[in-house]
Every structure is written in C-alpha cells, then in structure tokens.
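Read through the structure below, which is laid out as structure tokens, and then see the notes.
The values are calculated or read from the model by the stated rules, or taken from the named source; none is laboratory data. It should be emphasised that the depicted structure is a prediction, and the values quoted were computed from it without experimental measurement. Glycine gets a Cβ as well: all are built from the backbone with ideal geometry, and neighbour counts include every protein chain shown.
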C-alpha cells in the first residue's frame, strides 16, 4: 500500500512542477535532462527515465545500484575530435559488464541531448545505439559552437544520474537508465558549449553529468563555395606551366564537417561550350563530361573564410589554338543540410599563339634615321620565344632573320643567323638561359652584358647614326608617266606614276618587262599619300631572257596598309609612316580567326613603323615556328637593280666596315 501511495505522490508532484517549468521555458528549445516535468527529455509523460518507461520511487525500489556518474570515469576532453571519439568509444563498447552498459547509455544520452532530442526522438533514432551519422552531426555542431573546456559548471538543482542494474534477471528490462535527480545546487569543474544563437549546454568533468536546462546545440551552419583561379588564362601550351589555385570559401558561421573535395580537369575544343558549375548528386567527372579526369582529391574540415586545396603547377600540352584546358573544384556536401555536390565554375586556360616573323635574304635593322626624322638610340627589337616539349625533347621556336639583327637599343627574343629555321632549335635545358645559342649575328649597343653571362638580354656593341637612303628622291615625280587616283590595277601600268591622293591597289599580276614605280610624294605639301593593298600583287613567272625583263613594283608612300585578304605582295615597300600588315581589321578585334593568312612580301621593306598583326602559323609540334609574316629579299630585286644601273652588270659597295671578331 505504501508503494502505491508514494507513486501517486510522484505523479502529483510531477505534474505540479510541469506547469511551473512550462511557463518559463522556451518551447521547442530548452529541455530538462531526464526530467518528467518538462516532458522533453523523456519517452512519454508517464516516464522519468531515458530509453525506458520505468518508474522509480527511490534508489532501493529500482532494485539496482545508484550511480551518480553518467559516464563512470567522467570526461576530460579539451577538443572536439577527442570529445567525439571518447563518446563514440564509450557507446560502442557497451556490450560488456554493467558499468560498460551504463557508460553506453550515458554516452547516448549526451549525444541525443546535444542534438536536441527528447526521449521519444532518441528512441526513434537508435536509442542507446548512436549511428555514425549522428556522431558526424555531433562533431559538426560542436565545431560550429564556442566551447569552454575548463570552466565552473553549476547544476542549478537539476542534474542527471545513471544506474547500474544488479543483474537480477527479473530486473534486466530496467537496466542502464539515465534519470533526473533534484539535488542541492553544487558547482563543479566542467564544460560549457554555446551555439551561435546563445543556447548553452553544460557538463561536469568528474561525472560527465549534463546539468541544468539542457539545450540542444544548433546544427553547424557552413556553406562551401569552390573556386579555381590560375596564374594566367592564355598560354602557347607544349609544356608551358600554369599555377592552378583551387580554393574553398566557407561563407557559413561555422567550421564544416569533413567534406570531400575534387579537382577536375577537362579539355574543350575550339568554339565548343564550357560546361557550367551547379549543384546536384552527380560526381564531378560525370557532371563536366568532356573526358574529365581527377587531378587531385581529399577530405577537409573547412574553417570559415578561405582554404586553399591542391595548389600546384600544371603542365599544359600542345593543342590547337583556341583549345581550352579547364580546371574546376567540387565539394560534397557543400552545407550541413545536403548530400549533394557543389561544382564550381571552371577556370580555363586558352591555347594561344605568339606569331612569328621571318626575314629571308637580308638583315633586320632598326634605329637608323628615316628621311627627315630622328630616331633615338632606344630603338629596340622585342619578340617572344616559344619553348615546347616534343617527343620528350625541348625546342625553341621564334622569329628570326637569315643574317644580322641590328638595333641601338635592346634586342630580345629574335634569333639571328637563321637560328630557329627548320623545326626549331633543340636545347638541353628546359629553361634556357644561354641566349648565345640563337644570337650569333646579333648586334646591339649593350654595355654591361655579353654572351658569357647567363641570362644576358643585351649583347654586341652596335650603334649607328646612319640615315636610311632617300629612295623617293631617286624616282622624282616630275618625270611621271601619269597620275593615279582611286582604285588602280597595277597590272595595266608600266612606268613612273604620281598620285592625286590616297589610292588602292587591287589584285594584279605584273608581266615580263614591266617596271611600275608609284611615288605618292607631293612636292607642294611635302607629304606622302597613303596606299592600300587590297589584293595579291605578283610578278609573272619567267622564264626571262634578260635581267631587264624581270617585272618590278616600287611603292613609295606615307602609310602602306595591307588588307587581311592579301597573302603575297611582290614589291619594294617604303613607308615614310606605318606599314600595317592587317590594316582593315581593327586592332582590338584581331584574333586567331582573322588576319590568319600568312603574308609574304618579296622585296626590300623600309618603314618608320612596322605593325605586324598577322596571326598565322605558330601551330603545334614542329609547325610551332611557322611564320605569320615573311619579308623575303629575293635575288630578282638585285638583278633588276643591276639592269637599271648605267653601269649595268656591276654591283658596287657603298661602304665597308671591319667588325671585331666574335668568339
């Protein structure tokens, strides 16, 4: 009878306090550990122990040994990793003695209450058996919280206890419980866990007892955005290297759980579309397609802000111009509420080209004073060299002149003495620094370096104040055959002509025995008119019986503008202003898809400025050195000049200079 009465008193007291607690508790957030009154941490409103529906009137009536420790040897962790591992070990080793089973239940109770579950929810999620997913969730939440691992924790009269059953068979159903006890308030060394909303969960060190109003810790709020950047977005390929920098930005409020990341690479053919990023359950190589491959992968817990992963140099292969080599980063999961991948926007390196110039049959010289103008001693020649690996061997490709290269300023890149002719210059060093291997006939006004110095960019000892001959003066317009205007077919001309303004030369063939000289100089205004070359102009093929039958065209103008459709111009070219090799395409719009035909000019070329805008050549493999422009001083120009000389048959030296020997 006394047992019945005491039970009724428990029920009455329980519901009496229930009303009080409910009035001061935030619904859906706070819970009392093992507290029948709050009805948050229990299996039902008629139960006062976690995991079971058992009652107790006193420790003795439970028929077990009371145990005030939720975990028998307490808890002393000082970091999230150790804390989670400790609870997991206790929870997974609970098949042994009574103390182990009690620790298993205690560890489960701690996990469920940190995850904010009451008794019903705990039993619905494994009860005493905590899943790996729950341990991962626990770790994520703790990583997102602020934790004081060694502070003073007061129980506020509300604490929890675990019990150890006495192993008597009739009571086995009532073992390994965690229940509420209303103790006198005490303070102990312990742990406080505060989430981003300010909710606090408290535990004591020596017994691992959660105390006070137990508040579940908010889920980890992380949001991962993968990106890839690179050191350059264009390259010639063929063994060139690009620094790829994959990066994950965590824009959430907490460190992430361990997240899988994958760096993927794929190749896009010219003009094909680049796949976008996105969010889905598809693996990266399938999402991006295009024969994607995995470059690097791993798992990382990403702190807030930016975290680099898989940083390194990537070697770019030798592919056709316009091909794009793309790198992209994906993460899974990208936030706490999903199992999907987030795929980043690809970063792509476009295969570009460095067009080459070749000068056949003559020298390349800059810095001489043009007629009526003064050129400074800073005149220089600067071109690019392409280094490529072909079949395991390293080669250099670049612009070159067949003979000498002269400038009063710096000369870089260009090879003299036909250095890069043929299939390129083989080198043994993958990062060449010996410029002497392609500068045998290079002369510049270098004063501090020579070919004995590795990495020298200046060399020789050349300087000149010479003036380019006044070619126009040799063909005065006073004796002109006629005056040209508008569009002209030079194939119908023979003789010396002046102009009444700018003219355009259409495509034509100049036949044997014709010499056409166009001098646009206006003696009155002392200016030259401009000439546009709109089509190929070619000399007729021989055979010729005499040197005087060789056709020849001489153009003396201000600016000489060559349209992009022109592939061959047989002429002497002298521009007092600019020679432009692709004049009808705006400079800002020039790409590999226009101005992409090789231009060959057969004859001497002189200009105040030479603008080389062709984009032809510079292909893959051994075609990497194919030129965009060729200036070819052929023997026919010399033979024709001899035939025009009063002393026909002789070539006379204008001057000679003895140069120092080069070693």
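Okay, residues lined up against (1) at negative phi; (2) in a loop (DSSP other than H, G, I, E, B):
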{"residue": "565", "(1), (2)": "yes, yes"}
{"residue": "606", "(1), (2)": "yes, no"}
{"residue": "617", "(1), (2)": "no, yes"}
{"residue": "643", "(1), (2)": "yes, no"}
{"residue": "659", "(1), (2)": "yes, yes"}
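Which of the residues that make up the range 511-522 are closer than 17 Å to residue 576 by Cα and either surrounded by fewer than 17 Cβ atoms within 10 Å (Cβ to Cβ) or outside the structural domain of residue 477 (by TED's automatic domain parsing) (or both)?
522
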Strands (runs of 3 or more DSSP E) fully within the range 291-348 counting 2 or more residues that are surrounded by fewer than 17 Cβ atoms within 10 Å (Cβ to Cβ)
293-301, 305-308, 312-316
Of these, 556, 569, which one is in contact with a helix residue (DSSP H, G or I) (Cβ under 7 Å, 6 or more places away or on another chain), crowded, with 22+ Cβ neighbours inside 10 Å and touching a residue at least 12 places away in the same chain (Cβ under 8 Å)?
556
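So that you can scan it fast, the table gives a plain yes or no per residue for (1) over 30 Å from residue 396 (Cα atoms); (2) outside the structural domain of residue 306 (by TED's automatic domain parsing):
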position	(1), (2)
204	yes, yes
233	no, no
242	no, no
258	yes, no
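Return yes or no: is residue 219 out of contact with any helix residue (DSSP H, G or I) (no Cβ under 9 Å at 6 or more places or on another chain) and either modelled with pLDDT under 90 or at positive phi (or both)? Break it down stepwise before answering.
Values: out of contact with any helix residue (DSSP H, G or I) (no Cβ under 9 Å at 6 or more places or on another chain): no; either modelled with pLDDT under 90 or at positive phi (or both): yes.
No.
Modelled with pLDDT of 95 or more and more than 21 Å from residue 576 (Cα to Cα): is that true of residue 545 in this structure?
On the way: modelled with pLDDT of 95 or more: no; more than 21 Å from residue 576 (Cα to Cα): yes.
The answer is no for residue 545.
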For the range 395-422, what are the residues that are at pLDDT below 85 and more than 26 Å from residue 577 (Cβ to Cβ)?
none
Just give me the residues in the range 423-450 being in a loop (DSSP other than H, G, I, E, B), at pLDDT below 80 and under 23 Å from residue 661 (Cβ atoms), in sequence order.
434, 439, 440, 445, 446, 447, 448, 449, 450
Does at least one position in the range 218-241 carry a residue that is in contact with a strand residue (DSSP E or B) (Cβ under 6 Å, 6 or more places away or on another chain), closer than 30 Å to residue 90 by Cβ and part of a loop (DSSP other than H, G, I, E, B)?
yes
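Residue by residue, here is whether (1) touching a strand residue (DSSP E or B) at 6+ places or on another chain (Cβ under 9 Å); (2) crowded, with 18+ Cβ neighbours inside 10 Å; (3) part of a strand (DSSP E or B) holds:
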site: 498; (1), (2), (3): yes, yes, yes
site: 501; (1), (2), (3): yes, no, yes
site: 509; (1), (2), (3): yes, no, yes
site: 543; (1), (2), (3): no, no, no
site: 578; (1), (2), (3): yes, no, yes
site: 583; (1), (2), (3): yes, yes, no
site: 588; (1), (2), (3): no, no, no
Taking residue 247 as the residue in question, decide whether it is assigned by TED's automatic domain parsing to the domain that holds residue 344, buried (at least 17 other Cβ atoms within 10 Å of the Cβ) and modelled with pLDDT of 95 or more.
yes
Which count do you get for residues in the range 523-538 that are surrounded by fewer than 24 Cβ atoms within 10 Å (Cβ to Cβ), in a strand (DSSP E or B) and touching a residue at least 40 places away in the same chain (Cβ under 8 Å)?
2
Please pick out the residue among 463, 470 that is part of a loop (DSSP other than H, G, I, E, B), modelled with pLDDT of 75 or more, out of contact with any strand residue (DSSP E or B) (no Cβ under 8 Å at 6 or more places or on another chain) and more than 30 Å from residue 393 (Cα to Cα).
470
